[in-house]
Every structure is written in C-alpha cells, then in structure tokens.
C-alpha cells in the first residue's frame, strides 16, 4: 500500500520541495491550501514528475474548513504516514503594533490549525 504525505499550507516554495521529495520516494500526496487554481497548478507540475497528488481546499485559519479537509483526506485517501504543517501568516512587525483581532487570526492559522490537523490524524497514525 502506498504511503500518504499530507501537507497543509501547500505553496510553491517549501511545500513544493517537500512534496517532491516524498513523491519521489513513492508517497502519494494530499495538498491543502486556500486557492484551487494554485493547487491545480501544483498538481499538474507533480504529475509531470509522475507524482500522484490530490488537493483539498481549506484556509488553515478556518477550523470548520480545515476539519472538513482532514475528514475528506481520511475518507478518500486513508491515514497519512506523514503530516507536514506548513501554514503560517508571517508578520514582520512588533507585537506591540499588532491588533488583538490580527493576533487572534494569526494564532488560528499558525498554531490552532496545526492542533486541528494533529487531532484529526494522530489517533489513526498511532495504530
């Protein structure tokens, strides 16, 4: 059975490098990100390298969307062997200049989203 690598926060930089490495090792790939057009583009690039990939739409700062994406991955592809949480909202400013709402939003994407993903997959990964 082919192992599965899930990457949340798929992008053209680190994300693409990570999935290419796992894909070349025989893993199938599940990519999660907000923008379908970008995910389709990544999928096409991976297909050119004979890497099997699937994509799921979700904003890592949206708990309902992220939970739904994780459930979709489990239902369609099974339990991952590898989970990479690559999602982040980088902000290059002093925390003293950040508003409460911005800080909460960033925390949801940067930290809480990772917890949702771990809680979604870890129990099955430990079996």
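The values are calculated or read from the model by the stated rules, or taken from the named source; none is laboratory data. Keep in mind it's a predicted model, so treat the numbers as computed, not measured. Glycine also receives a Cβ, built like all others from the backbone with ideal geometry; neighbour counts cover every protein chain displayed.
Any residue in the stretch 82-94 that is farther than 26 Å from residue 16 by Cβ and assigned to a helix (DSSP H, G or I)? Looking through the stretch 82-94, none of the residues is farther than 26 Å from residue 16 by Cβ and assigned to a helix (DSSP H, G or I). Beta carbons closer than 8 Å, at least 6 apart along the sequence or on distinct chains, pair a first residue in the stretch 40-69 that is more than 17 Å from residue 11 (Cβ to Cβ) with a second that is assigned to a loop (DSSP other than H, G, I, E, B) for 52/2; 65/58; 65/59; 68/58. For residue 93, the criteria (1) surrounded by 12 or more Cβ atoms within 10 Å (Cβ to Cβ); (2) out of contact with any helix residue (DSSP H, G or I) (no Cβ under 8 Å at 6 or more places or on another chain); (3) free of Cβ contacts under 8 Å to residues at least 60 places away in the same chain hold in every case but one, which is (1).
The number of residues in the stretch 3-16 being more than 11 Å from the chain's Cα centre (by Cα) and either in a strand (DSSP E or B) or loosely packed, with under 11 Cβ neighbours inside 10 Å (or both) comes to 2.
Which residues, taken from the stretch 71-81, are part of a helix (DSSP H, G or I) and either surrounded by 12 or more Cβ atoms within 10 Å (Cβ to Cβ) or at pLDDT below 95 (or both)? The answer is 71, 72, 73, 74, 77. Scanning the stretch 44-64 for residues that are assigned to a helix (DSSP H, G or I) and buried (at least 18 other Cβ atoms within 10 Å of the Cβ) returns a single hit, 46.
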